Amino acid sequence: MSADSSWASVRKVMAKKGPRGQSALDGAGVRADNGPMPTIEAATRIEAPPDVVTGVLLDADLAPEWTAGLERLELVDGVPGEAGCVGHAHYRQGGRSYTLVDVLEESVPGEFYRARISGGGIAATVETTLAAVGEDATSISIRWIGRGTNPFTRMTLPLIKRRIARAAAEDLASLRRLVEQA
């Protein structure tokens, strides 16, 4: 399958209105919006079925392998992938350490996950959508809607949203490589 047709299938999934009104991506597969709360979207196609992608996505021990700056993801309550699950994501970026609290609010196993994250000066909702593409591939998209929680991050978040969007796309590319090499 060509790269153009792969992106076409990803864009087709993203063009559909998701559980929270997802919008279409730009041609690069990354979108950053300056609305009242910055919105970032990224998507990719992974050559593995959704159950395999979901298994890697929900494995806390593997999360640092595909998430830039993440040193460790610690499960503090609940069952991974089930609504109510709580994790602490320990990051080190730019010489600075911080922890994000990640609460899974909604789960449609293998299809959709909505989490609320907070800490490090931000509060955001992260929606992850997976869709089968044929029998052996998965389109995965991430939609991040956030806001700064202090004066500094309220001011800077709109200015760095494109960098966050690129990082989200790079994380998805790392996830794709990890899953496809397994």
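Each reported figure results from applying straightforward, stated rules to the coordinates on display, with no laboratory input. Keep in mind it's a predicted model, so treat the numbers as computed, not measured. Note: ideal-geometry Cβ built from the backbone for every residue, glycine included; neighbour counts use all protein chains shown.
Quick notes on this structure:
- Where GluC sites (Glu not before Pro) fall in DSSP loop in segment 76-152, at most 13 other Cβ within 10 Å: E82, E135
- Charged side chains reduced to their Cβ positions (Lys and Arg at +1, Asp and Glu at -1) give segment 41-182 a dipole of some 1080 debye around its Cα centre.
- Relative compactness, segment 95-182, computed as alpha-carbon Rg over 2.2 N^0.38 Å: 1.24
- Local net charge near A123, Cβ-Cβ under 9 Å (Lys/Arg +1, Asp/Glu -1): +2
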